[in-house]
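Single-structure report; data block below.
The values are calculated or read from the model by the stated rules, or taken from the named source; none is laboratory data. Computed from a predicted structure; not experimentally measured. All Cβ positions, even for glycine, are placed from backbone atoms using ideal geometry, and neighbour counts span all protein chains on display. For accessibility, only protein heavy atoms count, side chains too; no ligands or nucleic acids. Shrake-Rupley method; radii C 1.70, N 1.55, O 1.52, S 1.80 Å.
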Amino acid sequence: MHDIALEAIAGALERREFSSVEITSHLLERIERANGTLNAFITIDREGALRSAAAADAARAGGATGPLLGVPIAHKDLFCTAGLRTTCGSRMLGEFVPPYSATVVERMAAAGCVTLGKTNMDEFAMGSSNETSWFGPVRNPWDTARVPGGSSGGSAAAVAARLAPGATATDTGGSIRQPASLCGLTGLKATYGRVSRHGMIAFASSLDQAGPIARSAADCALMLQAIAGFDPRDSTSIEAPVPDYVSQLDRPLAGLRIGVPKEYFDPGLHPGTEAAVRQGLAELEAQGAKLVDVSLPHSPLSVPAYYVIAPAECSANLSRYDGVRYGYRCKDPVDLRDLYERSRSEGFGEEVKRRIIVGTYALSAGYYDAYYRKAQQIRRLIAEDFRQAFEVADVIAGPSAPATAFRFGEKSSDPITMYLEDIYTIAANLAGLPAMSMPGGLVDGLPVGIQLIGNHLQEGLLLNVAHRFQQATDWHRRSPGFTA
Ligand code: GLN
C-alpha cells in the first residue's frame, strides 16, 4: 500500500480499494517502525491523523471527492500547526505548540489531506545535510551512512522511504531541491510570493519559499495546486490567478528552448553527476526540445552574496527568540541580561549562532556598505543574468547539487564546503524564480537530480517538462527499497 504514488491514492480511495483510515494506519505503523533508524519525523501525530482520516472517509461516503481527499502527507516542522508541536528543528522551539496553522497547512487540510506528522530538518532550515537538527540527524534511506540533504531532509527521507507519498518543504537556498536530488525525488520551489509564507517560521524572509517534495512531477502538481495562491496574510503574496497545473502536465516539448548555463558545469561538478545530467538533457532533446547555450556570468557570486543576505535577515528574524514571549527559557536567570544571553546561547545551536553573528556583523554601521549593500548589488546582477537568459530560453536546466549524497561528518566540520552544496540552487532564490529538481539517474547506486529553473510564475512549465521527462524515464520510480 505504501508504494502507491500520491496521485493514485485518491483513485484507490474513490474505488474503495482501501479507506483513508487504512492507508493512514498503514503509514503510521511504517513510520513508527522506521523512525528509530531514519529519524525522519520529529513528531508523529497518530491520533490527529486517524481523526482526520476518519473525517475524510465520512466526507467521501457523503459524496465528497477531490484529488487529495483522505491522502496522508507530512509537513516539514517549520510550518506552524495549531495544537501540534512545531520545533523548526531547534531546542529554542522544542516545546512550542502554535496557536494557529500556516496557510500551507490550512490549505492542505482544506483539500482533505491527512497530516501524519512533522518532519525533521536542519535547525531553523540552516544546513544542507540535516546534521544541525537539535533532534539529531536524518538518515538517507538509499544508504543510511549518508545524509539525506537539507534542510528539508526529514521530508525527503520520509517520501523516499515510502513513509509518506508527499511532504511539504521550504527552500531558502536549495532546501527543497538538494534533498530531493540526494533522495531520488521530485521537489519544487515556487516563485517567491506564489505560496504564502504566513505561519512559516522565518529564516530569511526575502528568500524563503515553500513547495512540495514527492515522487513525481504529477504528484507535485497536485500538491502545488492546493497550496499556491494569494494570501492577504502574507504581504509579499502574489495576486495572480493559479493556473491548472495538472492539465498542463502533458503538453509536448517540441520547440521548447532549454538553456544550458556553462557556469553550472564547472570543475566542482562530479563527473558522474555531469554525465547523468547531460544524458537527461539529451532525453529532453529527443522529445523535441532545443538545447541552447546560455551564460549566467554572476552565478559564482551567488554563494557569497547569499551568505551575507541570508544571515543578515536571519539575525533580524531570530531576534524574536528572547526567552520572554515564547520558546526556550534558561533556568534561574539572575537578571534580564542573563535571561537573554543564556536563553539564546542554550536554545540555539552552533550553525544558527554562526549565522546570527555573521548577519549582525554585516548589518552593523561601518560594514553595511561593504557587505550587505554589495551583496544586494550582486543579487540584482544575478537576477539580470536570468532576465537575459530567459530572452533566448524558456527553461534553464543543469545539475541540482554538485554530487550525490555524502557521508555523515564529511562536510560538517567545514562550513564553506557545506555551503557549496547549494552552488547551483541559491541563484534561483536570489532572483525569486521557480525551480525544481527531478531524478535523472543513479551514480554508484545513489540518486542524481536534474534542476529546472523557470521564469517568474512558470511553475506549470517546469512541471510539464519534468512530467514529460518522467513519461520517458523511470528514475523517479526507483525506490531505495527501504524495509521499515
Ligand atoms: N543550505 C542552505 C543554507 O544552509 C539553504 C537552506 C535552505 O534553503 N533553507 O542556508
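Some notes on this structure:
- Calculated P(r) of the stretch 7-118 - Cα pairs past 17 Å, %: 54
- Given charges at beta-carbon only (K, R positive; D, E negative), |dipole| of the chain in Debye: 340
- Rounded to the nearest 20 debye, the dipole size of the stretch 3-71 about its Cα centre is 80 debye, using +1 on the Cβ of Lys and Arg and -1 on the Cβ of Asp and Glu.
- Antiparallel DSSP beta bridges within the chain, percent to nearest 5: 75
- 20 Å Cα-Cα reach of residue 262 towards aspartates and glutamates, excluding residues that sit fewer than 8 places from it in its own chain: 274, 283, 285, 293, 384, 385, 391, 394, 421, 422
- Ranked by how many other beta carbons lie within 10 Å on average, peptides 207-213, 346-352 from highest: 207-213, 346-352
- Each Lys or Arg adds one and each Asp or Glu takes one away; over the other residues whose Cβ falls under 11 Å from the Cβ of residue 355, this sums to -2.
- Heavy-atom accessible area per residue - the chain, 1.4 Å, Å²: 36
- The listed peptides 98-104, 390-396, 15-21, ordered by packing as a protection proxy, come out as 98-104, 390-396, 15-21 (highest mean of other Cβ atoms within 10 Å first).
- Dipole magnitude of the stretch 320-458 about its Cα centre (Cβ charges: Lys, Arg +1; Asp, Glu -1), debye to nearest 20: 460
- Taking each of 353/411; 189/374; 331/353; 76/189 in turn, the alpha-carbon distance tops 23 angstrom for 189/374.
- Placing one equal scatterer on every Cα of the stretch 175-309 and applying the Debye formula, the log10 ratio I(q)/I(0) at q = 0.11, 0.17, 0.19 Å⁻¹ is -0.54, -1.27, -1.42.
- Summed side-chain charge close to residue 257 - residues other than residue 257 whose Cβ falls under 13 Å, Lys, Arg +1, Asp, Glu -1: -3
- Isotropic mean projected area of the C-alpha convex hull, the chain (nm²): 21.5
- Rg to Rh quotient for the stretch 236-332, alpha carbon positions, Kirkwood Rh: 1.18
- Protection proxy ranking of 451-459, 47-55, 111-119, by the mean of other Cβ atoms within 10 Å over each peptide's residues and highest first, is 111-119, 451-459, 47-55.
- Protein accessible area in the chain, 1.4 Å probe - carbon and sulfur %: 53
- As an equivalent ellipsoid, the stretch 382-451 spans semi-axes of 26, 17, 7 angstrom, where each value is the square root of five times an eigenvalue of the C-alpha gyration tensor, largest first.
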